[in-house]
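Written below as structure tokens is the structure these notes are about.
Derivation of every value follows stated rules applied to the coordinates shown; laboratory data play no part. Just so it is clear, the model here is predicted, and its values are computed rather than measured. Here Cβ is always computed from backbone atoms with ideal geometry, including for glycine, and neighbour counts include all displayed protein chains.
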Amino acid sequence: MSSSASASPPTPLHMIDLIRMKRDGGALNAREISFLVTGAANESIPSDQLAAWLMAAFLRGLSLDETRALTLAMRDSGEKFPPAYLGKTAVDKHSTGGVGDKTSFLVAPLAAACGVAVPMISGRALGHTGGTLDKLEAIPGFRTALTLQEFEAVLMKCGASIISQTKSLVPADRVLYALRDRTGTVESPGLICASILSKKLAAGLDALILDVKTGSGAFLRKPEDSAYLAALMVATAEAAGTRTVALLTDMGQPLGHSAGNWIEVAESVELLRGQRPAQSEDLRELSLILAGWMIHLGGQAATPESGYARAEKALADGSALRAFFAMVEAQGGDVSVFDNPNFHSPGATKIVKAWVSGFIFAMDTTALGWAVQRTGAGREKAGMPVDPHAGIDFHTRCGTHVEKGQPLATLYATNPALLVEPEAILKQAIHFSPTPPQKVPLVNRIFTRESAEAHLRDVVNAASSH
Ligand code: URA
């Protein structure tokens with residue numbers, strides 16, 4: 001080939017061609033994905049075209065190569081945070097999303113109290129799941145939109161900081177995340193993988209622990225689908241140079257007793273203060289397991305089990321509580337509200353009582369998540385404010401025996417009209433039985449690089465033999 005031929009400019013790309021290619025089941029190459037991500041980040045591609053491509057990707061799926069290219073392009077869509085100079089190993093945790101999932105408020109201070117730096121870039125409510133940022137903003141004054149310099153200053157001072165994607169940090173995810181929420185395109189393994197890992201890889205982590213949910217409240221409910229997502233994320237993050245482990249954990253019912261905004265932060269502080277309500281035991285246990293892994297991956301414990309023991313000590317001696325309050329204050333939050341019993345002031349409250357006697361057999365946790373969203377704790381449209389005091393407190397768990405008339409849940413909203421739909425959903429979503437259900441383990445499976453790669457090979461081989 002002549003040198004003039006090899007120097008000819010690449011053919012221009014057009015978004016309409018990329019939509020049609022994906023719609024017809026084709027695979028985009030890295031240059032095409034980079035074009036799409038750049039256009040999402042700088043908002044030069046209109047949102048109707050991005051939405052059409054997201055739906056095509058949702059329906060057709062993304063190949064392993066496309067997922068990897070999308071993750072890296074989204075990571076590179078803005079500035080990156082290099083935490084090496086913090087002088088500590090940087091480790092984070094991210095969950096694929098659930099109902100009442102508030103482990104971030106526990107694991108970040110637990111790991112920070114044990115000498116690990118936790119630079120956490122989080123998201124807002126997505127689909128039926130709550131958002132870490134919306135929950136933190138229920139603390140008066142708490143700022144999640146920090147500059148990189150402010151993020152670094154909080155990390156240096158407190159060991160942990162939780163912030164949002166911004167126009168400069170992973171801007172492509174800021175745009176695509178909000179669009180997916182509005183277009184019913186959340187539950188896609190490739191899109192979830194790229195969304196989560198772009199944020200985590202941009203934070204320059206040394207290691208990452210992923211909490212991949214499975215069960216009725218997960219985005220991917222079936223164990224085989226959530227296992228695929230876990231393996232996909234571990235293999236993609238490892239290929240990008242970040243040591244990563246995923247735990248497949250149960251989301252067959254809300255985690256802990258609360259699902260909403262303020263009530264979730266308050267429950268977390270209850271645990272950080274050493275209280276142990278029976279309804280929060282699963283949350284406490286999962287947080288200690290995840291923090292144990294973070295402390296181990298951060299080089300502060302030889303094994304995840306000894307990391308768990310260190311985390312338990314940080315919970316008992318109050319150092320994790322101090323780390324959490326230090327972070328809240330450093331990000332502008334008013335910690336005095338945690339001592340004010342009148343701070344939680346919803347406009348309307350309703351207790352829902354058991355309509356029969358029996359064992360709580362199963363919950364449709366996704367439906368419960370929508371019930372929480374409709375109390376006003378989540379948003380119907382992008383940019384809408386959320387009600388910090390809205391949400392649901394659950395008083396029972398799967399396997400508990402209840403008598404007819406016993407309180408099942410307390411609903412909070414700004415006015416009684418907003419409680420009608422959540423109550424109706426709740427009554428459809430909680431199932432009773434005369435016999436107890438089988439106990440489900442909190443952690444189902446663990447994926448490391450080797451087991452993730454082996455799992456993906458098996459999935460690809462099984463698909464090609466069909
Ligand atoms: N959390 C994210 O950040 N992105 C997703 O797509 C799902 C959960």
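The helix-only estimate of mean residue ellipticity at 222 nm for the chain, built from DSSP H runs of length n ≥ 4 each weighted as -39500 (n - 2.57), is -13500 deg cm²/dmol after division by the residue total.
Projecting the Cα atoms of L456, T410, A354 onto the dipole axis of the chain, where Lys and Arg carry +1 and Asp and Glu carry -1 at the beta carbon, places L456 farthest toward the positive end.
Equivalent ellipsoid of region 9-150: semi-axes from √(5λ) of the C-alpha gyration tensor, largest first, are 34, 19, 15 Å.
Between K427 and N340, the modelled labels are 3.6 nm apart [label points 7 Å from Cα along Cα→Cβ]. Taking max minus min of the alpha-carbon positions on each principal axis, region 274-315 gives extents of 32, 15, 12 Å, largest first.
Could you give the Stokes-Einstein D for region 264-342 in µm² per second, using the C-alpha Kirkwood radius, 10 °C, 1.306 mPa s? Rounded, D is 119 µm²/s.
On a per residue basis, the convex hull of the C-alpha atoms belonging to region 177-232 measures out at 82 Å³. Our estimate of slack between S8 and E312, defined as 0.36 nm per intervening residue step minus the Cα-Cα distance, is 103.2 nm. Rounded to the nearest 0.05, what FRET efficiency is calculated for E43 and S168 with R0 set to 22 Å and r the Cβ-Cβ distance? It comes to 0.95.
Region 86-131 gives an Rg/Rh value of 1.03, both radii derived from C-alpha positions and Rh following Kirkwood. Extent along the principal axes, Cα only, for region 142-267: 41, 38, 29 Å, with the longest axis given first.
Summing charges over neighbours of D134, with a neighbour being any other residue whose Cβ is under 13 Å away from its Cβ, gives -1 when K and R count +1 and D and E count -1.
Each semi-axis of the equivalent ellipsoid for the chain is √(5λ) with λ an eigenvalue of the Cα gyration tensor; in descending order they amount to 36, 26, 22 Å. Only Lys, Arg, Asp and Glu carry charge here, each on its Cβ (+1 for the first two, -1 for the last two); on that basis the chain has a dipole of about 160 debye about its Cα centre.
If R0 is 25 Å, what FRET efficiency do you get for L148 and T183 from their C-beta distance, rounded to 0.05? Calculated transfer efficiency: 0.25.
Given +1 at the Cβ of Lys and Arg, -1 at the Cβ of Asp and Glu and no other charges, the dipole of region 236-315 around its Cα centre is 300 debye to the nearest 20. Note on region 353-421: Cα-only Rg and Dmax are 13.6, 42 Å.
Packing, taken as the mean count of other beta carbons within 10 Å per residue, orders the peptides 131-142, 219-230, 109-120, 404-415 from highest to lowest as 109-120, 131-142, 219-230, 404-415. Size descriptors for region 1-92, from the alpha-carbon set: Rg then Dmax equal 16.7, 52 Å.
Quarter the surface of the alpha carbon convex hull of region 373-466 and you get the mean projected area, 11.4 square nanometres.
Provide the FRET efficiency to the nearest 0.05 for the R457-R23 pair, computing r from the beta carbons and using R0 = 35 Å. According to the calculation, E is roughly 0.75. Size estimate for region 229-379 follows the Kirkwood approach: the inverse of mean 1/r over distinct Cα pairs works out to 18.3 Å.
Size descriptors for region 144-209, from the alpha-carbon set: Rg then Dmax equal 13.3, 40 Å.
Extension gain, R31 to M384, is 123.6 nm, computed as 0.36 nm per intervening residue step minus the present C-alpha separation. Maximal additional length on extending the R273-D225 stretch stands at 13.6 nm, based on 0.36 nm per residue less the C-alpha distance.
As a rough guide to protection, the peptides 181-191, 25-35, 162-172, 438-448 ranked by mean Cβ packing within 10 Å, highest first, stand as 162-172, 181-191, 25-35, 438-448. Within the shell defined by Cβ-Cβ distances under 12 Å, the residues around L297 carry a net charge of 0, with Lys and Arg each +1 and Asp and Glu each -1.
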